[in-house]
């Protein structure tokens, strides 16, 4: 974090030299803690949902999908392996027999390097010994410090069996971890949601009616009280339409947005997923599609008092999203999601957003599922964001308007934490 002394020193200086400008920007970005606004990381209190260590890192779905491009092994043979066998196979295939050039493989290298582990090792013995020897809480602290992340927003699904067990046990998560209430089952798979709601004691029917609306509202009220989410969220398919004559539109209108209003919660819309493009890859088999920006625009127009966070999975949607954000001040673009989390694309999207909407967006989230992924996601993101901001400030200087060091600190703080905090009325880590 930037100390009071450093902050005072930065405030006084008008930056007319590009070398000094870069130096001050690099300092601000390196020292400013980020709120990771969307992850699938869970704290230790969530037991089996807490993922950490080299085997969880290597068997992440990004690498599972990639390994099949460099092997003749069948999917069936791969899935018959144990988790450790899969990790060994992926390491051997992608890191020993091939150069780790992809962003996902380079991320593993960044993590190993952060812990001074051999990035060219022939096997995983050293890495496994290191991770197994760590005190879990001390290791968690070290990862967050290394990533310079102050707060982590989880993804919490009240229809997920393990989530149910954990929350119903009355756990209090690490104060740096905050819930988001995930609505995917409710909005994307209504028949399954009906069964889940009934199993939790809510009197709903397959046909949506006033009584069922009220019961779902009661269900959401219960989970909002228990989880204390910072926002509600849903991942939507590429063919999402709004309005449409379906359960999803009815639930959004009659249940979700009224609940969001009552509890002063934003709704995050994550658009563009195509599930199960290759079922043989299981969780690694999802793809993407170009979404219809007009669906997002119609929701923003119909509910001007509501606040929406939005991220879109297709590169082709990014310019449209920026333009939509210029038209709707209740829309906050956030992050470079999933397949967009590659330096070349993050650079393009960040530059586009700065040029169209200034610093009024959230540039990145990790989407991490394994704890240590926070390290590489944020280290890589900070490098790209530095370059984008430097180019923006340099052009401004060329146009005749230098910036001050305190303006840089203000802008970086806003991008990494302030915009999100203000949008969702988030106070950050507190003692629970």
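Just a few scattered comments:
Listed here are the residues, each with its yes/no results for (1) in a helix (DSSP H, G or I); (2) within 25 Å of residue 140 (Cβ to Cβ); (3) under 15 Å from the mean Cα position of the chain (by Cα).
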residue: 347; (1), (2), (3): yes, no, no
residue: 353; (1), (2), (3): yes, no, no
residue: 356; (1), (2), (3): yes, no, no
residue: 366; (1), (2), (3): no, yes, yes
residue: 375; (1), (2), (3): yes, yes, yes
residue: 395; (1), (2), (3): yes, no, no
residue: 410; (1), (2), (3): yes, no, no
residue: 413; (1), (2), (3): yes, yes, no
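- You will find that of 73, 101, 49, 84, the residue that is crowded, with 17+ Cβ neighbours inside 10 Å and modelled with pLDDT of 95 or more is 49 and no other.
- Within segment 54-92, tally of residues that are part of a helix (DSSP H, G or I), more than 19 Å from residue 109 (Cα to Cα) and in contact with a helix residue (DSSP H, G or I) (Cβ under 7 Å, 6 or more places away or on another chain): 3
- Scanning segment 145-155 for residues that are in contact with a helix residue (DSSP H, G or I) (Cβ under 7 Å, 6 or more places away or on another chain) and either surrounded by fewer than 16 Cβ atoms within 10 Å (Cβ to Cβ) or in a helix (DSSP H, G or I) (or both) turns up 146, 147.
- Test result for residue 117, touching a residue at least 12 places away in the same chain (Cβ under 8 Å), on the phi < 0 side of the Ramachandran plot and buried (at least 21 other Cβ atoms within 10 Å of the Cβ): no
Per-residue answers, yes or no, for (1) within 18 Å of residue 417 (Cα to Cα); (2) touching a strand residue (DSSP E or B) at 6+ places or on another chain (Cβ under 7 Å):
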site: 310; (1), (2): yes, yes
site: 313; (1), (2): no, yes
site: 319; (1), (2): no, no
site: 325; (1), (2): no, yes
site: 328; (1), (2): no, no
site: 341; (1), (2): no, no
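- Selection of segment 156-173 for residues being surrounded by 19 or more Cβ atoms within 10 Å (Cβ to Cβ) and farther than 24 Å from residue 215 by Cβ yields only 173.
- Checked against (1) more than 18 Å from the chain's Cα centre (by Cα); (2) in contact (Cβ under 8 Å) with a residue 24 or more places away in the chain; (3) under 24 Å from residue 30 (Cα atoms), residue 150 meets all criteria but (1).
- Candidate set from segment 299-345 (those that are within 15 Å of the chain's Cα centre (by Cα) and in a strand (DSSP E or B)); member that is farthest from residue 362 (Cα to Cα): 312
- Restricting the first member to segment 69-94 and to residues that are free of Cβ contacts under 8 Å to residues at least 24 places away in the same chain and at negative phi, and the second to residues that are surrounded by 13 or more Cβ atoms within 10 Å (Cβ to Cβ) and assigned to a helix (DSSP H, G or I), the beta-carbon pairs closer than 6 Å and six or more apart or on different chains are 71/93.
- Test: residue in segment 179-192 that is touching a strand residue (DSSP E or B) at 6+ places or on another chain (Cβ under 8 Å), surrounded by 14 or more Cβ atoms within 10 Å (Cβ to Cβ), under 25 Å from residue 379 (Cα atoms) and in contact (Cβ under 8 Å) with a residue 40 or more places away in the chain: yes
- Counting residues in segment 291-298 that are surrounded by fewer than 14 Cβ atoms within 10 Å (Cβ to Cβ) and in a loop (DSSP other than H, G, I, E, B) gives zero.
- For segment 6-18, the condition holds for no residue, the condition being that it is within 24 Å of the chain's Cα centre (by Cα) and modelled with pLDDT of 95 or more.
The values are calculated or read from the model by the stated rules, or taken from the named source; none is laboratory data. No experiment lies behind these values; they were computed from the predicted model shown. FYI the Cβ positions are ideal-geometry reconstructions off the backbone, even for glycines, and counts take in every protein chain you see.
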